[in-house]
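Take this structure first; my questions come after.
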Amino acid sequence: MRTVLFICLAAIMFQSSFLLGDEKTGDEKRGGQNVAKLDTQVKVQMDYLLYLPKDYSEKKSWPLMLFLHGAGERGGNLDLVKVHGPPKLIAAGREFPCIIVSPQCQKNRWWEPIELMALLDQIVATRNVDQDRICVTGLSMGGFGSWRLAAYSPNRFSAIAPICGGGETYWTRRFSHLSVWVFHGAKDMRVPLERSQEMVDSLSKAGGKPKLTVYPEAGHDSWTETYNNPEFYKWLLSQVRSKPK
């Protein structure tokens with residue numbers, strides 16, 4: 001499924017004011033600073049997988065899980081998104097009590113919060129979503145994307161579950177109220193455990209209460225065990241959006 005999204009940022013308008021009441025006439029004045037405003041629309045194209053529960057029509061609202069894949073699944077083939085995580089389990093016949101949105105990041109790019117938020121806005125506008133139970137999880141590049149998305153819009157989500165990811169520790173000041181469960185392999189050589197540990201420590205110092213699960217024998221693949229664990233989904237889908245402290 002491809003969605004074309006429009007992010008309002010819109011047409012460039014220039015307005016200038018100068019000392020002594022002098023008004024702009026013609027082109028902008030040189031040698032000074034003109035007041036300008038950006039007001040344009042940016043088009044976003046994004047392919048994604050959408051999962052709806054079998055009894056979707058029987059309820060007015062459902063929790064929503066946003067799944068962010070890793071760097072290896074980028075590109076223009078949605079089948080790649082089914083290699084890991086919930087999309088893999090769904091393809092194998094697993095059923096979930098929630099809406100699951102699994103977008104695909106374009107090749108040689110990273111997850112961009114503004115694009116993901118546009119996607120969520122469209123899903124919320126067209127599907128029966130419980131806006132107090134929108135959660136995010138992702139692996140590797142998607143783990144980094146989960147942290148970044150929480151920092152970008154800290155009051156949008158009920159919980160995040162980053163797997164073998166990381167981010168900037170100062171971000172955590174923005175979402176100390178958010179429910180967070182972090183996963184990492186102790187023997188991860190691609191993304192060191194320290195990347196998750198420092199985010200958890202910083203979030204705790206900011207007043208948060210994050211959970212951290214470390215798999216002693218796991219390398220970079222700390223997501224298979226996580227996504228196969230029923231308790232993971234039970235926790236993730238039971239969280240409710242809270243107000244910031």
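Rounded to the nearest 0.05, what FRET efficiency do residue 58 and residue 197 give with R0 = 30 Å and r taken as the Cβ-Cβ distance? Could you check?
Working: r = 43 Å, r/R0 = 1.42.
The formula returns an efficiency of 0.10 here.
Could you state the angle between the C-alpha long axis of helix 193-205 and the longest principal axis of the C-alpha atoms of the chain, as a value from 0 to 90 degrees rounded to the nearest 10?
70
Same structure again: Ranked by Cβ crowding within 10 angstrom, fewest neighbours first, how are 126, 213 ordered? Working shown, then result.
On the way: 126 10, 213 16.
If I rank by nearby Cβ atoms, fewest first, I get 126, 213.
Compare the Cα positions of 62, 96, 164 along the charge dipole of the chain (+1 at Cβ of Lys, Arg; -1 at Cβ of Asp, Glu; about the Cα centre) and return the one farthest towards the positive end.
Of the options given, the answer is 62.
Note the listed values [x] 37, 23, 18; [y] 30, 19, 16; [z] 41, 18, 16, then indicate which one is semi-axes √(5λ) of the Cα gyration tensor in Å calculated from this particular structure.
This structure yields the entry labelled [x].
Still on this structure, please answer the following. Where in the chain is the longest stretch that carries no chymotrypsin sites (Phe, Trp or Tyr not before Pro) classed as loop by DSSP and with at most 16 other Cβ atoms within 10 Å? Spell out each step's value before the answer.
Values: sites that count: 18, 110.
Formally, the longest exposed-site-free interval is 111-245.
Taking other Cβ within 10 Å of each residue's Cβ, how do 69, 84 sort, fewest first?
Values: 69 26, 84 22.
The order, fewest Cβ neighbours first, is 84, 69.
Now for a separate question. What does the charge add up to near residue 95, with Lys and Arg as +1, Asp and Glu as -1, over the other residues with Cβ less than 15 Å from its Cβ? Spell out each step's value before the answer.
Values: positive: 54, 59, 88, 94, 234; negative: 55, 58.
Result for the neighbourhood of residue 95: +3.
Using only Cα atoms, tell me the angle between helix 113-126 and the longest principal axis of the chain; keep it within 0 to 90° and round to the nearest 10.
Tilt of helix 113-126: around 70 degrees.
Another question, then. For the chain, what proportion of DSSP beta bridges, expressed in % and rounded to the nearest 5, is antiparallel?
Details: 16 of 38 bridges.
So the antiparallel bridges amount to about 40 percent of the total.
Now, a different point. For n ≥ 4 DSSP H runs only, could you compute -39500 (n - 2.57) per run for the chain, divide by its residues and tell me the 222 nm figure to the nearest 500? Numbers along the way, then the final one.
Working: 6 runs with 60 residues, N = 245.
So the helix-based figure for the chain works out to -7000 deg cm²/dmol.
Using modelled amide H (1.01 Å from N, peptide plane; none on Pro or chain starts), what sits under 5 Å from the amide H of residue 182, excluding residues fewer than 5 places away?
211, 212, 213
Let me ask you something else. Relative contact order (percent) for the chain, with alpha-carbon contacts under 8 angstrom and 6 or more residues of separation?
Relative CO of the chain lands at 16 percent.
Taking a virtual spin label 7 Å from the Cα of residue 190 along the C-beta vector, which residues in the stretch 148-171 bring their backbone nitrogen under 17 Å of it?
Those under the cut-off are 162-167.
Report the charge-dipole magnitude of the stretch 119-225 in Debye, nearest 20, computed about the Cα centre from +1 at each Lys and Arg Cβ and -1 at each Asp and Glu Cβ.
On the way: 12 positive and 11 negative charges, 62 e Å.
Computed charge dipole of the stretch 119-225: roughly 300 debye.
Using a Gaussian network for the chain with springs between C-alpha atoms less than 10 Å apart, which of these wobbles most: 65, 189, 117?
Of 65, 189, 117, the most mobile in the Gaussian network model is 189.
Any read-out appearing in this document is the output of simple, stated calculations on the displayed coordinates, not a laboratory observation. Computed from a predicted model, the values in this text were never measured in an experiment. Note that each Cβ is placed from the backbone with ideal geometry, even for glycine, and that neighbours are counted across all protein chains shown.
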